[in-house]
Each structure stands twice: as C-alpha cells, then as structure tokens.
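K.L.:
Below you will find the structure I want to go over with you.
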Amino acid sequence: MAGPLKELSAVRCFEGMLRRYEHESSTLGGLAMTFAVYIPDAQAQDAESAAKKPRMETKKFPAVFWLSGLTCTDENFAQKAGAFETACALRLVLVLPDTSPRGEGVPDEEPKTYDFGQGAGFYLNATTDKYRKHYNMLDYITKELPAISKDLLPIDPTKAGIFGHSMGGHGALTIALKNPGTYKSVSAFAPICNPTDAPWGKKAFPLYLGDDEVAWKEHDTVELLKKYEGPPVRLLVDQGTSDNFLKEQLKPEALKAVCEEKGVVLNLRMREGHDHSYFFISTYIKDHLQFHASQLTGMLRWCPDSLPSASAYSDGSGKANDTAGKEITCLAAVAFEPKKPLALVNVQVGPPQKGEVRIKHVAVALCHTDAYTLEGSDPEGLFPCILGHEASGIVESVGEGVTEFQPGDHVVPCYQAYCGDCKFCKRPDINLCTSVRNFTGKGVMAGDGKPRFTYEGKPIYHFMGTSSFSEYSVLHAESLAKVRKDAPLDKLCLLGCGIATGWGAVWNTAQVKRGSTAAVFGLGAVGLSVVEALVKTGCSKIIAIDLLPDKLELAKKWGATDTLNPKDLPAGKTTQAQIVEDTGFGVDFSFDCTGNVDVMRSALECAHRGWGTSVVIGVAAAGKEISSRPFQLVTGRKWMGTAFGGWKSRPQVPMLVDLYMDGELKIDEYITHTMKFSQINEAFDLLHKGECLRVVLTF
C-alpha cells in the first residue's frame, strides 16, 4: 500500500495543472518517492464553450507514463521537454515518475557512477540481496503508481500509454512487451534496445539480477520481441544520428532486425544530426504525443512516414497457389452499359504483371459512387467495366518485383493509392498520390496500359483501380493496404471508402477542434461516420440534416445533438438560414455528404461568418458546378473538399483497423444488410430506396 500523498507544488501551465507529489512507497521499501502529473482541464476553457457549458464536467482522460533516462528525476521532462501544450490540446494526462529509489540507506556501488544505482534503476525488480528491498522500479511503474494515479487523477485506466528516453525508452518498451495489452501505445526516444549486449546493461544487470543471463533477457527489448505472442503492437522509435551512445549502447539496428524477423510494426526514424539530449526530445515530443493520442482516444491524427517491413501482418506461411501465373475464370458483376442492371457472368482475370497483385475478394460493400457511375453520371465512367471499390480480400499471387505482399496476406483495396515517393505522398496531410492515377482513371493497368479482365475475348475496364465486383481482381501494389489477420474481413471492407472518408473529413481535412459546432448534410453511412467523428472530437453541437425521418433518428443514436428536416421549414426559408438563426452566425464546421450541388451551397452558407469551414465529401454528377456569392468567402468562410478523408491509405488503413479492433471505431453498426454476391442487383435496389446504410456481399 502506498503512503499518504503530500502535494509538493502546483503550477498552472496552458489549460491545465502540473502537480508534484511525494509519498511513501511500499514497493520500494518504504522510501519517499516523488512524481509529477500534468492534468488538462476537464473542459475547454474558451469563453464561448464556457458560456455554452458553464458547469465543469467530470472527464476522464487517457494517461501516458513517461520514463526518464539515466541521472534524471521526475523534473527533467517537465522542465525541458515542452510537452504540456500538446498534451493539453490532445487531452492527455502525463505521469512523470522518478527513475529510481532515492534517500539515505538506499544501497549503491562505490565509487558511485551515473549509470547505476540512484538515478539508474533500469525499471526492473532487483533479485540480488543487496538491492532487492529498494530497487523494484518495475512493480512501482506497473502496479503502485497506476493504482495511485487511478485514485488521484481523472484518468481512464483502460487507456494507458508509455514512452521514455534512453534507459526510460528501454523501460517503456520492455514494460509494454512484458504486459501485453496493458499499454495501448508505446514509443521511445533513443532507447537502449539490446542491453544484454551493451555496456550499460552488462554493468547493471549482474548487480541487480545476478549472474543468470536468462533473467537479464526478461529486461531486453530485443530478447522479449523474439518470444512475443501478445496482441499486435506498434512501436515508434526516434533515434538521433549524432548520438554519442548510438553504436555502443543503443543498438537500434538490433531492434529493427528482430521486428523484421517477427513481423512487428516498427516505425524507426533516424533523425539526422540529433544527439541524446532534451533538445532532441523537445523537437519530436509533439509527434510522439500525437502518436499516443491517436491510439488512446480513437481519433487517428498521426501518420507514419514510411511503411512497415514486408513481414508485418504476414505470418510467413504464404505459399504459391496453383493458380499463380495462370488466367483465372470467376464470377463477376459486369456493367456492360450505363443505366442497366449488372450482368453476372464468368470473366477471365489475367495473372498480375510487374508491380501488380491479384487478390481473391472475401467481401464487398456497395457505395453510392458505384451507383453514380452505373447511372452514367461519372465523367471517367467507362463501359464495359467491373465496378466496386469497398472490399477486402486475400492475396492470391504477386507479380514481378512485388516484395511487400505474399500469398495469404489480408488486404483492403484502396482507390486512393500510396506510393510513398511522389510529391503528394511526401507532403504531410496530403493523400493525392499520382503514381498510378493516370492509369486507374482510364480503367487500365500501368504495366502495359491494358485491363486484366476479359469477357468472351474482349477487354473489360477496371474501375477506380479496384474493381471489387469480381471474385478475383488485379490491382497495383500501391492500391492495397495490408492488415492484421485477426480482423474480420467481412467488416473491414467498409474501410475502403465511405465511413473512413467521413472520419477523415473531420480529423484530417477540417481538423475539427473540441467544443466546436457542426452541421452534417446527408445521413447515409458517410454522414453518420462524420457524426461519429464529431462526437469523438467533443463537439458541443452537432446538427444532423436529412429529408428522411428514420435517418434523423439514426443520427441521434450516433450522437447528434440536434436534427433538422428541410421539409419541415416554413415556405421560403432555407436550411442555411434556419441554422444561422438557431446558432447565431452559423456553425464552425459543415459537411456535405450528398453530392448535391445545391446542398453544398447550403452547407457553405451555414458556416460561421469569419471562420466557418465547409467540407465537400459527396461526389457530384458529371457537368455539375458549385456556386455561391463570393461574399460568402470574402467574409471569412472556407470551402474545402476531401478525397478518402485525407487518409494516406497504405500507412493509415491498418491503424484504422487497430482502432476498430480495440473498440474505438464503429464498423458493424453501419452494416444493415448482408447478402450473397449473386444478389448484387437486389442490394442496389435497397441502396436506391434509402433502406440501408451499407450492404455487404460475400462470395
């Protein structure tokens, strides 16, 4: 049991408090221990939000535990890292413990050195007689301090992350791996990756743990990863290239090698010119906190700057199929001409060529974009073609030069490709990859400018680079996101477009802030996913607009605070006028999810004077143009559009899958009907009648 807490200091910092405490630690032999916490205010403190919600709310936040490096105390990070502004904005509690037991009677070696003893507890439980009473930092960090924090702080104990620097980076990584699933996020700055093979570890481990080198491996990230069998874990590690300890002590190359061997997702970023200091930490602390917040809050606002190794999400069992290199005949729903039902016929699917992947679809979903093209409204619509772009599947075979996929991998096709090399992929927050766009828009493959589908010897065009309405399809490798195998493919198909687009429109494109007001026009699956994202963001008012009363009721279930049916308005009164009247100058953000250019105008004109932002999500028919008085823009409104919600597909779709698997994002709730693929025309009828959100078809 921990002793009573004594508050040593309290200081206001941004919209939160930094408090420092002292207590008697039973885990560390009754010693007095200090730790600090940064706690964001329980609600937004801007005047407008305070006026709308004058009473303070009790709010529980995710907590991220920071572990400092050698010689540090709980104060180094607080004074040097520059983390509190970002932590406040992201609504993260930071818990900052000391690095070791301290005080008179705490044993140490003589002569005393910086890399052992007080200030160097290595986040383990000592087993040698000399140190076992006091040096139990592992239990202190994982048991005693979380118990204190749970009682003391407004935190959600089920949403904890951990990160650290140097020795603390070692501690964060090993603690997360030794406690699978306890820490939802983990990252490190310049960690000691392989201490059993580093001077610091070889000095500390015998003194704390004795001569049993097997016991040492229980506190070594590389060794723990070799036998890790817990839930999927994603590691973020930043390492400076000018770090004096890089080669001899830190050994990130060993971490990279074991992650590649075991298929663990590692984002290892070698930062040119950075050293081992807090100047390095302060440069990237915002990014690390965004990484943690994305996994702890369910709002994905962080993107890795590279793809994981080819072994990630693969189990190594991928053997070549008998069909590899051969033409496959399979069932497909072909759009031979616009405005006609799809024809269920057997088509031939050629083998993948250089840079291509052939997949076997498991599930496909219907999207209004497919219907829009089938109606002849798509200026890029080509016939005959195979439509479909919300799907999931399994890799059947790969073409020449494809190394990141192997047979048996689970994938989500992505119409918005990602190559990682073009100017759009390299630019933060932009997802308009151009690597294969010139070919996907023409319904052909980049390798030879031809389709891979034929019917009765004649070519059938591809659609959006995906063509999901076929049992088999060939895609560019840039158009596939590899995902974890324990996730249900009959649900993941929805991540290829609609609901992912709605989430991203809020978090990536509009970057909606907590406490904002918003209006959502059109309450199909996309509109409801916008509502879901707005609720997660913490909007104070969400107005849902639709012509169907049933959709308005659904929006309430999703979390909309207000609903509006334009049919109920007095004659001559526009939707935008009603919203401006109800809100006083309009909403902070509005979203069109209809594809109707008149509704797009309404969405813009209900945005707040001076700063309102309106986002166009729906796709308008060929030849349609948007219009509004220029005065609407002159008076400060912004008009934006979004493609696939701004997601960089291949790096970020796997992270959306993780959030779904953690229960942070809805998918199942959007699926109102499941049918066989052979019933695809019946499914389109449901879509046109507005009687479904998403229909999922299985083969």
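The values are calculated or read from the model by the stated rules, or taken from the named source; none is laboratory data. All figures in this text were calculated on a predicted structure; none of them were measured in a lab. Reconstructed Cβ throughout: ideal geometry from the backbone, glycine too, with neighbour counts over all protein chains shown. For accessibility, only protein heavy atoms count, side chains too; no ligands or nucleic acids. Shrake-Rupley method; radii C 1.70, N 1.55, O 1.52, S 1.80 Å.
K.L.:
Exactly one condition in (1) open to solvent by less than 20 Å² (accessible area, probe 1.4 Å); (2) in contact with a Lys or Arg (Cβ under 7 Å, 6 or more places away or on another chain) is not met by G119; state its number.
P.N.:
(2)
K.L.:
Which one of Y313, Y284 is under 28 Å from D370 (Cβ atoms) and aromatic (F, W, Y)?
P.N.:
Criteria check complete, one pass: Y313.
K.L.:
While we're looking at this one, here's another question. Residue under question is A481, and the condition is that it be in contact with a Lys or Arg (Cβ under 6 Å, 6 or more places away or on another chain) and over 19 Å from I328 (Cβ atoms); does it hold?
P.N.:
When the stated conditions are applied, A481 passes them.
K.L.:
State whether one or more residues within region 180-193 are open to solvent by less than 30 Å² (accessible area, probe 1.4 Å), aromatic (F, W, Y) and farther than 24 Å from A83 by Cα.
P.N.:
no
K.L.:
So which helices (runs of 4 or more DSSP H) stay within region 168-259 end to end and still have 2 or more residues that are within 25 Å of the chain's Cα centre (by Cα)?
P.N.:
221-226
K.L.:
Something else about it: Since K360 meets every condition but one in (1) over 24 Å from G502 (Cα atoms); (2) in contact with a helix residue (DSSP H, G or I) (Cβ under 8 Å, 6 or more places away or on another chain), which condition does it not meet?
P.N.:
(2)
K.L.:
Could you grab me the full set of residues in region 537-566 that are open to solvent by 10 Å² or more (accessible area, probe 1.4 Å), in contact with a helix residue (DSSP H, G or I) (Cβ under 7 Å, 6 or more places away or on another chain) and farther than 21 Å from A577 by Cβ?
P.N.:
Across region 537-566, the qualifying residues are S540, L554, W558, G559.
K.L.:
Mind listing whichever residues of region 363-410 are part of a loop (DSSP other than H, G, I, E, B) and among the polar types (S, T, N, Q)?
P.N.:
S377, T403, Q406
To keep it simple, each residue is scored yes or no on (1) within 28 Å of E218 (Cβ to Cβ); (2) modelled with pLDDT of 95 or more; (3) hydroxyl-bearing (S, T, Y); (4) in contact with a Lys or Arg (Cβ under 7 Å, 6 or more places away or on another chain).
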residue: A87; (1), (2), (3), (4): no, yes, no, no
residue: V93; (1), (2), (3), (4): no, yes, no, no
residue: E110; (1), (2), (3), (4): yes, no, no, no
residue: N125; (1), (2), (3), (4): yes, yes, no, no
residue: I148; (1), (2), (3), (4): yes, yes, no, no
residue: D151; (1), (2), (3), (4): no, no, no, no
residue: F163; (1), (2), (3), (4): yes, yes, no, no
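K.L.:
Picking from F405, F439, F424, which residue would you name as being more than 28 Å from the chain's Cα centre (by Cα) and among the aromatic types (F, W, Y)?
P.N.:
Checking each option against the conditions leaves just F439.
K.L.:
Does E400 satisfy being in contact (Cβ under 8 Å) with a residue 40 or more places away in the chain, charged (D, E, K, R) and crowded, with 24+ Cβ neighbours inside 10 Å?
P.N.:
Judged against the criteria, E400 is not a match.
K.L.:
Follow-up question, since we're still on this one. Hey, any hits in region 60-70 for a residue that's open to solvent by 20 Å² or more (accessible area, probe 1.4 Å), of a type in the set (S, T, N, Q) and modelled with pLDDT of 95 or more?
P.N.:
The answer is no; no qualifying residue exists.
K.L.:
What number goes with the only condition from (1) at pLDDT below 95; (2) closer than 19 Å to H165 by Cα; (3) not hydrophobic (A, V, I, L, M, F, W, C) that D98 does not pass?
P.N.:
So D98 meets the others, but not (1).
K.L.:
Further, regarding this structure: Quick one: Y114 ticks every box in (1) out of contact with any Asp or Glu (no Cβ under 9 Å at 6 or more places or on another chain); (2) open to solvent by less than 10 Å² (accessible area, probe 1.4 Å); (3) over 16 Å from L31 (Cα atoms); (4) in a loop (DSSP other than H, G, I, E, B) bar one, so which box is it?
P.N.:
It is condition (2) that Y114 fails.
K.L.:
What tally of residues in region 522-536 results from selecting those that are open to solvent by 20 Å² or more (accessible area, probe 1.4 Å) and among the polar types (S, T, N, Q)?
P.N.:
Qualifying residue count, region 522-536: 0.
K.L.:
Still on this model: Those residues that are closer than 20 Å to G298 by Cβ, small (G, A, S) and open to solvent by less than 10 Å² (accessible area, probe 1.4 Å), I need them from region 660-699; list them, please.
P.N.:
none
K.L.:
Whether any residue in region 148-159 is part of a helix (DSSP H, G or I), under 23 Å from the mean Cα position of the chain (by Cα) and within 24 Å of L235 (Cα to Cα) is what I want to check.
P.N.:
no
K.L.:
Has region 675-688 got any residue that is modelled with pLDDT of 95 or more and not in a helix (DSSP H, G or I)?
P.N.:
Yes - at least one qualifying residue is present in region 675-688.
K.L.:
Just wondering, is there one or more residues in region 583-591 that are at pLDDT 95 or above, farther than 21 Å from V512 by Cα and open to solvent by less than 30 Å² (accessible area, probe 1.4 Å)?
P.N.:
no
K.L.:
So, in region 654-669, exactly how many residues are outside any loop (DSSP other than H, G, I, E, B) and in contact with a Gly (Cβ under 8 Å, 6 or more places away or on another chain)?
P.N.:
Going through region 654-669 one residue at a time, the tally reaches 1.
K.L.:
Can you say whether A519 is surrounded by 19 or more Cβ atoms within 10 Å (Cβ to Cβ), of a type in the set (G, A, S) and in contact with a strand residue (DSSP E or B) (Cβ under 8 Å, 6 or more places away or on another chain), as far as the supplied structure shows?
P.N.:
Judged against the criteria, A519 is a match.
K.L.:
Here's another thing I want to ask about it. If I go through region 302-330 residue by residue, how many of them are surrounded by fewer than 16 Cβ atoms within 10 Å (Cβ to Cβ), out of contact with any strand residue (DSSP E or B) (no Cβ under 6 Å at 6 or more places or on another chain), of a type outside the set (G, A, S) and more than 26 Å from V258 (Cβ to Cβ)?
P.N.:
2
K.L.:
To continue, here is another question. Can you tell me which residue is most open to solvent (accessible area, probe 1.4 Å) among those in region 254-301 that are among the aliphatic types (A, V, I, L, M) and over 30 Å from A505 (Cα atoms)?
P.N.:
Out of the qualifying residues, it is M270.
K.L.:
Of all residues in region 299-349 being in a strand (DSSP E or B) and of a type in the set (V, I, T), which is nearest to M270 (Cα to Cα)?
P.N.:
Going through the qualifying residues, I end up with V349.
K.L.:
May I ask you to verify whether T283 is without any contact (Cβ under 8 Å) to a residue 60 or more places away in the chain and assigned to a strand (DSSP E or B)?
P.N.:
Considered against the rule, which asks whether it is without any contact (Cβ under 8 Å) to a residue 60 or more places away in the chain and assigned to a strand (DSSP E or B), T283 comes out as no.
K.L.:
I'm trying to understand the selection: among the residues of region 79-105, which are more than 30 Å from R132 (Cβ to Cβ) and open to solvent by 10 Å² or more (accessible area, probe 1.4 Å)?
P.N.:
Within region 79-105, Q79, K80, G82, F84, E85, T86, C88, A89, L90, R91 qualify.
K.L.:
Can you tell me which residue in region 352-394 is farthest from C593 (Cα to Cα), limited to those that are crowded, with 24+ Cβ neighbours inside 10 Å and aliphatic (A, V, I, L, M)?
P.N.:
Here the answer is V357.
K.L.:
Say whether the condition of being closer than 26 Å to Y415 by Cβ, of a type in the set (A, V, I, L, M, F, W, C) and in contact with a Leu (Cβ under 8 Å, 6 or more places away or on another chain) is met by at least one residue in region 613-622.
P.N.:
Looking for residues that are closer than 26 Å to Y415 by Cβ, of a type in the set (A, V, I, L, M, F, W, C) and in contact with a Leu (Cβ under 8 Å, 6 or more places away or on another chain), one finds none in region 613-622, hence no.
K.L.:
Show me the strands (runs of 3 or more DSSP E) entirely contained within region 411-506 in which 3 or more residues are open to solvent by less than 10 Å² (accessible area, probe 1.4 Å) and modelled with pLDDT of 95 or more.
P.N.:
So the answer is 472-476, 480-483.
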